[in-house]
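Engineer: Please see the structure below; I have some questions.
The values are calculated or read from the model by the stated rules, or taken from the named source; none is laboratory data. Since the structure is predicted, the reported quantities are computational estimates derived from the model, not experimental observations. Backbone-built Cβ (ideal geometry, glycine too); neighbour counts: all protein chains shown.
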């Protein structure tokens, strides 16, 4: 990004930008980017190098203990009666006795307590949870009563993340940038150096964010290792749940009968299945049946839970070897057997060609060394964009056709959703912007075409080759 664009970004988004280089240091490796950048901004500022800052290093060391220190922290709490801890706290409500139970991941505790005023002032603790600094007090007197909860209570809480943001202000600020400038701003915000990417690969990289701004969209990306697929989703938003291989059960995805709580699909903005070929679904027939139902309707049910609706989007990722020609049939080789099903694939709205992405090799070349929006701030922006409907303008202006066949309802729905998501990213202030609409439409048609080509190979008797095209009025 040219120096003048960095200066412009600092002027327009004075309080919401950070020098991305400062958040890339060893002291912050254990924190996700959406927290580490906010910590740099709040605890260090612009006048001190975070990599040499004793302030930041001491904060992480003192308040965010390593897993091996769990028992030491618990010992300090129980002997000194109080402790200040930095973590991602989540509050659940037990309807049986109206009690609130706090999850403290670093201590392995699921049933601590919280003062009512703390909860009232930080209601997002009841949603997906909040990162912050909490004062924990050990309540010895509770050991003498009938309480079955862990006698540790949060008496004070200071969130270390953005709260409510003004979306109208964000849109007004976006207007001060050209589309070309804004694409580079987005790349910098994601921690990438736009100079290392072509115009096309910038758009491909940004399109990874579509499931974070669009409700109920199902996407897939297959590509080589080291292109930033999992890194992006691990660090861009706390509304994301990423599964990287291993066994995944219907309970953690949809509804947990024992805890009587919704699974990740019920509470997250996005669930990502990384290295999908290594995902082992417990009860695959049940999971795939619920997947296909949910991907079509946005609803699911399990056990005692009747039909429940969610806006959660899904992303499936896999690693493939790069070759000069990548035919569609190669996709099936990286998918679990249960997913090589045309009914499942047809519900995927678009395929990102990850094989076109450059590998991230040198930090000075590929990673951002300038200014971008604080990831935490942008995370909340994307969360708010999910509440807006950008689909009505594309549906009025885009006409779809197909050479060799017809555009069916799933093709149409897929293209409009991908287009809507891309528009929210490129032109949040004007969903009718023709230049942004052309870019978004081209991406959407390409991504859906790739899915159709795959379907033709999976079920040649049901799906015939066709070429989808779009015109804009």
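Engineer: Sort out which residues of the stretch 265-279 are closer than 16 Å to residue 245 by Cα and either touching a residue at least 40 places away in the same chain (Cβ under 8 Å) or in a helix (DSSP H, G or I) (or both), and write them in order of number. Write out each step before concluding.
Structural biologist: First, pick out the residues of the stretch 265-279 that are closer than 16 Å to residue 245 by Cα: 271-279.
Matches in the stretch 265-279: 271, 272, 273, 274, 275, 276, 277, 279.
Engineer: Mind checking which residues of the stretch 194-212 are within 22 Å of residue 415 (Cβ to Cβ), in contact with a strand residue (DSSP E or B) (Cβ under 9 Å, 6 or more places away or on another chain) and either in the same structural domain as residue 387 (by TED's automatic domain parsing) or touching a residue at least 24 places away in the same chain (Cβ under 8 Å) (or both)?
Structural biologist: Keep residues of the stretch 194-212 that are within 22 Å of residue 415 (Cβ to Cβ), which gives 199-212.
Narrowing the set further to residues that are in contact with a strand residue (DSSP E or B) (Cβ under 9 Å, 6 or more places away or on another chain) leaves 202, 204-205, 207-208, 210-212.
Correct list: 204, 205, 207, 208, 210, 211, 212.
Engineer: Take the residues in the stretch 82-137 that are assigned to a loop (DSSP other than H, G, I, E, B) and modelled with pLDDT under 90; name whichever of them is nearest to the chain's Cα centre (by Cα). Steps first, answer last, please.
Structural biologist: Step one: list which residues in the stretch 82-137 are assigned to a loop (DSSP other than H, G, I, E, B), which gives 95-98, 108, 115, 122, 127-129.
Applying the additional criterion that residues be modelled with pLDDT under 90 yields 95-98, 127-129.
On the way: 95: 30, 96: 33, 97: 34, 98: 31, 127: 15, 128: 12, 129: 14 Å.
If we take residues in the stretch 82-137 being assigned to a loop (DSSP other than H, G, I, E, B) and modelled with pLDDT under 90, then 128 is nearest to the chain's Cα centre (by Cα).
Engineer: Being modelled with pLDDT of 95 or more and under 25 Å from the mean Cα position of the chain (by Cα) is the filter; apply it to the stretch 388-411 and report the residue that is farthest from residue 195 (Cα to Cα).
Structural biologist: 410
Engineer: Inspect all residues belonging to the stretch 71-79 and state whether any of them is farther than 28 Å from residue 240 by Cα and touching a residue at least 40 places away in the same chain (Cβ under 8 Å).
Structural biologist: Yes: the stretch 71-79 contains one or more residues that are farther than 28 Å from residue 240 by Cα and touching a residue at least 40 places away in the same chain (Cβ under 8 Å).
Table: residues versus (1) in contact (Cβ under 8 Å) with a residue 60 or more places away in the chain; (2) under 22 Å from residue 88 (Cα atoms); (3) surrounded by 23 or more Cβ atoms within 10 Å (Cβ to Cβ).
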position	(1), (2), (3)
192	yes, no, yes
236	yes, yes, yes
247	no, no, no
253	no, yes, yes
263	no, yes, yes
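Engineer: For the list (1) in the same structural domain as residue 113 (by TED's automatic domain parsing); (2) in a loop (DSSP other than H, G, I, E, B), I need the number of the one condition that residue 141 fails.
Structural biologist: With respect to (1) in the same structural domain as residue 113 (by TED's automatic domain parsing); (2) in a loop (DSSP other than H, G, I, E, B), residue 141 is out only on (2).
Engineer: Separate question: In the stretch 282-299, which residue that is in contact with a strand residue (DSSP E or B) (Cβ under 6 Å, 6 or more places away or on another chain), buried (at least 17 other Cβ atoms within 10 Å of the Cβ) and free of Cβ contacts under 8 Å to residues at least 60 places away in the same chain is nearest to residue 248 (Cα to Cα)?
Structural biologist: 287
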